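The values are calculated or read from the model by the stated rules, or taken from the named source; none is laboratory data. Keep in mind the model is a prediction, meaning the values are calculated, not measured. When we count neighbours, we look across all protein chains shown, and the Cβ atoms used for this are built from the backbone with ideal geometry, even at glycine. Just the protein is used for accessible areas: all its heavy atoms, side chains included, with ligands, DNA and RNA removed. Shrake-Rupley method; radii C 1.70, N 1.55, O 1.52, S 1.80 Å.
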Amino acid sequence: MHVLWINEHAGFAGVGERYIHETASLLRKQGIVSSLFFEDTGAAEPFYADPFEAGVYPLGELGTRLGTLVPDLLFVHRCENVHLPPLIAESGIPSVRFFHDHRSLCPRGDRMTAIGRQPCDRPVGWGCYSCLTFPFRGQGENGRVPLTSPGQLRRTRRANAAVYSAFLTGSHYMADLLALHGFDPSRIHVLPLYVPPPMRTLYLRRVERQPDLLLFVGPLIEGRGADLLLQAVSRMQTRPRLLIHGQGPESKNLKELAEAVGLEKRTVFAGKASGETLARAYLQATVAVLPARSPDPFFVEGPEAMSYGTPVVASAVGGVTEWLQDGVTGLAVPPNDPFALGRALDRLLLDETLRQRLSITGPLFVGAHFTADRHIASLCALFRQLTGSVTEPSVALKERIAA
């Protein structure tokens with residue numbers, strides 16, 4: 001089987017791009033060949049291109065290359081190009097759209113109300129115009145996610161709903177949101193995201209928990225709520241230290257806030273992390289905190305922390321409820337409430353028995369529900385259902401790749 005992936009970026013721009021790279025690598029082990037088309041100008045990152053043995057191409061070449069690549073399935077991710085749906089419809093090739101974020105379902109892209117910055121539960125409509133009159137703070141790590149009019153979103157949504165054979169999401173929260181916006185529920189499939197096995201090198205096994213260390217991992221944007229965490233820590237009974245791993249347009253504001261609330265000496269802004277650096281942070285921290293006010297479809301950082309035995313305190317928004325059972329796998333707090341967040345963190349720091357229990361139940365829960373093997377098996381089953389194909393690529397395709 002040949003899967004042709006389509007995405008804006010051909011590099012490690014975010015969680016969605018990491019998913020594409022890791023999943024294409026895993027599918028390759030199942031005998032599935034992949035190619036990638038991307039919308040960005042410029043070349044793909046060299047390492048990122050490795051799993052795509054049938055090639056990496058600019059999106060503008062899609063129409064001319066479909067005839068020679070002969071894919072069995074089109075797998076579309078972050079891409080709002082208006083020319084794509086008609087091209088997919090004309091091709092007649094089975095297609096899947098994976099929704100990683102809210103950009104198709106919110107003019108501001110964050111699913112938060114302009115007043116109060118609370119999670120929004122309304123479908124896109126005329127009421128969205130009132131939100132667009134308020135100052136916008138970009139939700140991408142570089143702050144460049146553009147505003148989109150509700151009218152344009154409706155047109156794009158109708159085009160998507162009519163074209164794709166199936167819609168894929170990482171959570172039931174996102175599936176319900178798609179259904180609310182008119183997508184056919186019978187074509188919506190929920191495949192929870194997966195967490196790579198914890199990195200356990202000999203060097204990392206020597207890392208010890210630091211009993212007063214809180215960890216925040218994620219983009220420094222308003223929706224992720226790092227400002228709420230700083231406010232909460234400044235009011236806590238205990239006096240923890242805070243390690244912030246991330247980058248984004250709110251970085252300067254957050255550093256100024258840390259100084260304003262007297263936390264500059266207890267807060268380290270360590271930049272974006274991955275690999276062994278991130279594994280070390282998960283192992284060192286006593287608690288991982290996800291204080292988001294924007295309802296992300298899944299929040300993979302939570303299960304990642306849990307897989308390392310790190311207890312999690314998180315806002316009960318979006319896909320968090322797919323993996324956070326309050327008091328069982330972590331502690332849940334209301335969004336936009338630094339007082340409740342501070343109380344939950346104090347409770348966890350002061351209750352060693354609770355911490356130890358969560359450090360055991362967390363990894364067990366992740367291992368039972370969010371493994372790569374489980375996800376890939378379900379994904380391959382969906383591909384076979386849509387294409388009626390086996391996973392083994394054709395002899396002709398193998399010969400083209402070899403040539």
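For the stretch 267-328, calculate the relative contact order in percent as a whole number, restricting contacts to Cα pairs under 8 Å that are 6 or more residues apart. Walk me through the numbers before you get to the answer.
Working: 64 pairs, mean separation 21.0, N = 62.
Once divided by the residue count of the stretch 267-328, the mean separation gives 34 percent.
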Self-check item: Debye, to nearest 20: dipole size of the stretch 1-134, +1 on Lys, Arg Cβ, -1 on Asp, Glu Cβ
Solution: 440
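Run the numbers on the chain and let me know its relative contact order in percent, using alpha-carbon pairs under 8 Å that are six or more apart.
Working: 736 pairs, mean separation 63.5, N = 403.
Across the chain, relative contact order equals 16 percent.
Which of the peptides 223-233, 330-340 is most tightly packed, and how do the rest follow, going by the mean number of other Cβ atoms within 10 Å of each residue? The partial results should precede the final answer.
Values: 223-233: 24.6, 330-340: 19.8.
Result, highest mean Cβ count within 10 Å first: 223-233, 330-340.
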Quiz item: When the Cα centres of the stretch 249-278 and the stretch 299-369 are compared, how far apart do they sit, in Å?
Solution: 21
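Give me the dipole magnitude in Debye, nearest 20, for the chain about the Cα centre, with unit charges on the beta carbon: positive for Lys and Arg, negative for Asp and Glu. Walk me through the numbers on the way to the answer.
On the way: 41 positive and 39 negative charges, 104 e Å.
Computed about the Cα centre, the dipole is about 500 debye.
Hey, can you rank 183-190, 378-385 by average C-beta count inside 10 Å, highest first? Show your work: numbers first, answer last.
On the way: 183-190: 15.0, 378-385: 17.1.
Final packing ranking: 378-385, 183-190.
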Exercise. Write down the accessible area per residue of the chain in Å², having rolled a 1.4 Å probe over the full set of protein chains.
Key: 43
Exercise. Please tell me the relative contact order of the stretch 211-309 in percent, rounded to the nearest whole number, where contacts are Cα pairs under 8 Å and at least six residues apart.
Key: 40
Quiz item: Once every DSSP H run of n ≥ 4 in the chain is given -39500 (n - 2.57) and the sum is divided by its residues, what mean residue ellipticity at 222 nm do you get, rounded to the nearest 500 deg cm²/dmol?
Solution: -11500 deg cm²/dmol
Exercise. Show the residues, 5+ positions off or on another chain, whose built amide H is closer than 5 Å to the amide H of Thr267.
Key: Leu242
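What length, rounded to one decimal in nm, is gained on full extension from Arg347 through to Val82, with 0.36 nm per residue of separation minus their alpha-carbon distance? Can you show the working numbers first?
Values: separation 265, 0.36 × 265 = 95.40 nm, distance 4.98 nm.
The span from Arg347 to Val82 would gain 90.4 nm if fully extended.
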Quiz item: Using a 1.4 Å probe on the protein chains only, how many percent of the accessible area of the chain belongs to carbon and sulfur?
Solution: 54
Exercise. Rounding to the nearest 20 debye, state how big the charge dipole of the stretch 293-360 is about its Cα centre with +1 on each Lys and Arg Cβ and -1 on each Asp and Glu Cβ.
Key: 140
Practice problem: Give the cross-link partners of Lys255 among the aspartates and glutamates, using a straight C-alpha distance below 12 Å as the criterion and excluding same-chain residues fewer than 8 apart. | Solution: Asp227, Glu264
Quiz item: By how many nm would the segment from Arg28 to Gln325 lengthen if fully extended, with 0.36 nm per residue of separation less the alpha-carbon distance?
Solution: 103.5 nm
Quiz item: How do the peptides 122-131, 31-40 rank, highest first, by the average count of neighbouring beta carbon atoms within 10 Å per residue?
Solution: 31-40, 122-131
Quiz prompt | Among Gly362, Ala159, Phe38 - extreme Cα towards positive end, dipole of the chain, charges at beta-carbon | solution = Gly362
Quiz item: For Ala368 and Arg200 in one chain, what is 0.36 nm times their gap in residues minus the Cα-Cα distance, to one decimal in nm?
Solution: 58.6 nm
Practice problem: Only helices at least 15 Å long along their axis, Cα-based, and averaging -0.5 or more on Kyte-Doolittle count here, so list those DSSP H runs from the chain. | Solution: 338-350, 352-369, 372-387
Quiz item: Quick one: Karplus J couplings for the stretch 110-119, per residue in order, coefficients 6.51, -1.76, 1.60, θ = phi - 60°, nearest Hz, x for Gly and Pro?
Solution: 10, 6, 10, 6, 5, 9, x, 6, 9, x
